[in-house]
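Take a look at the structure set out below.
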Amino acid sequence: MPKPDDLHFFIDPNRCIGCQSCLHACTECDTHRGESMIHLEYVNRAESVQTVPVVCMHCEQPTCAEVCPADAIKRTSDGVVQSARKPRCIACGNCVVACPFGVPELYEDRKIMMKCDMCYDRSSVGKKPMCATVCPSQALFFGTREEIERLRPQSTPINTFQFGAQTITTQVHMMVPRALATRATYVDVAAAMDEQPRSRAVSLKVIGDPFADVEV
Amino acid sequence: MADLNSRGMSREQISIPPDGAPLDVQPAWRQDFPIDWPQDLYVERRDFMKFMVLTSAAFTLGQVCIGLQNWYRKQTGQPPVRRIASVDDIAVGAAIGFAYPDEHEPCLLVRLTTNEFVAFGQKCTHLSCAVIPQPAEGSFYCPCHEGRFDLRTGVPIAGPPRRPLTRVVLERRGQDIYAVGVEERTT
């Protein structure tokens with residue numbers, strides 16, 4: 001049974017409070033029991049406590065599937081990119097390196113790649129993924145487009161991303177401030193890579209040579 | 001923002017190649033290794049028929065080979081008569097090993113009673129492990145998979161083997177026991 005077409009996943013990084021509820025709820029999901037597939041990333045840990053939850057964006061052109069040499073990553077007809085198919089995955093890690101969002105994880109011990117599959121056992125019957133059910137600030141939201149427009153009048157969903165020369169459109173939407181969305185219609189995934197961290201080197205002035213007067 | 005259902009594509013084919021070009025100008029391997037699950041599971045009628053015909057042909061060829069092998073075995077006739085042992089060499093309820101018709105076919109000669117002798121090939125009919133004679137329990141025992149054969153007739157009585165052990169036809173000439181042929185049985 002496919003995921004209902006009117007239900008979408010929305011990520012609102014502004015609302016993330018870094019509580020890690022999603023990490024723990026994710027391990028409870030039956031499609032990847034005991035393993036958390038969601039990543040909670042610090043944006044700039046030296047300067048800020050801001051975190052961003054990263055789930056699979058379920059690309060229209062899944063790079064992970066494009067690079068898979070074993071033909072193991074498949075996309076169901078509702079647009080959900082599934083975890084690697086067990087009989088095919090050779091645990092080469094190509095998908096881990098290729099994913100623009102850093103989603104797939106390689107489990108070297110059991111020779112398999114596993115990734116967020118939008119809790120397919122739940123979303124395919126119209127239920128929310130585990131992370132969206134527990135998120136206290138609803139930074140992770142699963143519902144209809146009308147709901148999100150009513151709940152977040154200041155923001156608008158964007159599903160176009162730029163990763164170097166690659167333009168990616170996704171099933172999962174990112175909420176951005178409405179004012180910004182009119183100026184930039186996509187999110188540049190790699191933009192932060194060019195930012196240089198502010199220098200925090202501490203320099204102490206040395207006043208002369210303290211041993212100048214000492215006779216040896 | 002693009003509506004998910006307005007692309008005019010069937011639900012089967014939803015993934016777009018990275019260059020965005022239409023499917024008919026894409027390289028052929030994209031058809032063989034599709035990203036979409038329904039396409040991956042799709043089996044063409046022609047491929048299915050090809051599989052069925054080739055598999056049936058393989059089975060038929062196998063049967064013909066078995067028939068030819070049986071015919072060839074009948075043509076070659078029985079192996080030469082060979083003396084195995086003297087009656088006095090073997091106690092009642094004991095067994096000795098010998099090779100017949102050549103050194104690659106280990107066999108067992110068992111003395112059941114004073115005047116009764118039986119001999120069987122030692123290869124278990126399951127996976128060709130060497131069977132162990134256990135005259136006290138009235139059976140041959142295969143330790144690989146707990147198979148058992150009847151000591152007197154060689155028919156399987158327990159475990160995975162389904163065919164009886166190869167029987168060696170014996171002949172007693174005075175005080176000597178001779179092997180005069182082998183009998184491969186299916187039931």
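Every read-out reported here was derived from the displayed coordinates using simple, explicitly stated rules and does not represent laboratory data. Just so it is clear, the model here is predicted, and its values are computed rather than measured. For neighbour counting, all protein chains shown are included, and Cβ atoms are generated from backbone atoms with ideal geometry for every residue, glycine included.
Summary of values
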| item | result |
| --- | --- |
| 0 to 90° range, to nearest 10: angle between helix B:45-76 axis and chain B longest Cα axis | 20 |
| Within a Gaussian network of chain B (alpha carbon springs, distance under 10 Å), most fluctuating of B:147, B:67, B:97 | B:67 |
| Compactness of region B:2-75, expressed as Rg and Dmax over alpha-carbon positions, Å | 22.7, 78 |
| Spread of Cα-to-Cα distances over 10 Å intervals beginning at zero, given as percent, for chain A | 8, 29, 34, 15, 4, 3, 4, 2, 0 |
| Highest-MSF residue in chain B out of B:38, B:22, B:135 [GNM, Cα springs under 10 Å] | B:22 |
| Region A:1-70 - Rg (one decimal) and Dmax (whole number), Cα, Å | 14.9, 45 |
| Charged-residue dipole, Cβ positions (Lys, Arg, Asp, Glu), the protein assembly as shown about Cα centre, Debye nearest 20 | 1300 |
| Kirkwood hydrodynamic radius of the protein assembly as shown, from inverse mean 1/r over distinct Cα pairs, in Å | 28.4 |
| Taking chain B and dividing mean pair separation by its residue count, relative contact order in percent (alpha carbons under 8 Å, at least six apart) | 15 |
| Longest DSSP-loop-exposure-free segment, GluC sites (Glu not before Pro), chain B, at most 13 other Cβ within 10 Å | B:45-102 |
| Positive dipole terminus of the protein assembly as shown, leading residue within A:175, A:46, B:117 (C-beta point charges) | B:117 |
| Relative contact order for chain A, counting Cα pairs under 8 Å that sit 6 or more residues apart, in percent | 25 |
| Rg/Rg_globular for region A:11-111, with Rg_globular taken as 2.2 N^0.38 Å and Rg from C-alpha atoms | 1.16 |
| Those chymotrypsin sites (Phe, Trp or Tyr not before Pro) in region B:8-107 that DSSP places in a loop and that have at most 15 other beta carbons within 10 Å | B:42 |
| Most mobile listed residue (A:156, A:167, A:51) in chain A, GNM with C-alpha springs under 10 Å | A:167 |
| Among A:16, A:29, A:69 the positive-end extreme of the charge dipole of chain A (Cβ point charges) | A:29 |
| Dipole axis of chain B (+1 Lys, Arg; -1 Asp, Glu on Cβ), positive-most option in B:49, B:66, B:80 | B:80 |
| GluC sites (Glu not before Pro) restricted to region A:36-88 and DSSP loop, no more than 14 other C-beta within 10 Å | A:47 |
| Distance histogram in 10 Å bins (all Cα pairs of region B:82-183, percent per bin) | 17, 52, 28, 4 |
| Theoretical ellipticity at 222 nm over the protein assembly as shown - DSSP helices of four or more residues, -39500 (n - 2.57) apiece, nearest 500 | -5000 deg cm²/dmol |
| Per-residue mean of C-beta atoms belonging to partner chains within 10 Å, peptide A:62-69 | 3 |
| Averaged over B:31-42, number of beta-carbon atoms from partner chains that fall within 10 Å | 4 |
| For chain B: Kirkwood Rh in Å [reciprocal of mean 1/r, alpha carbons] | 21.8 |
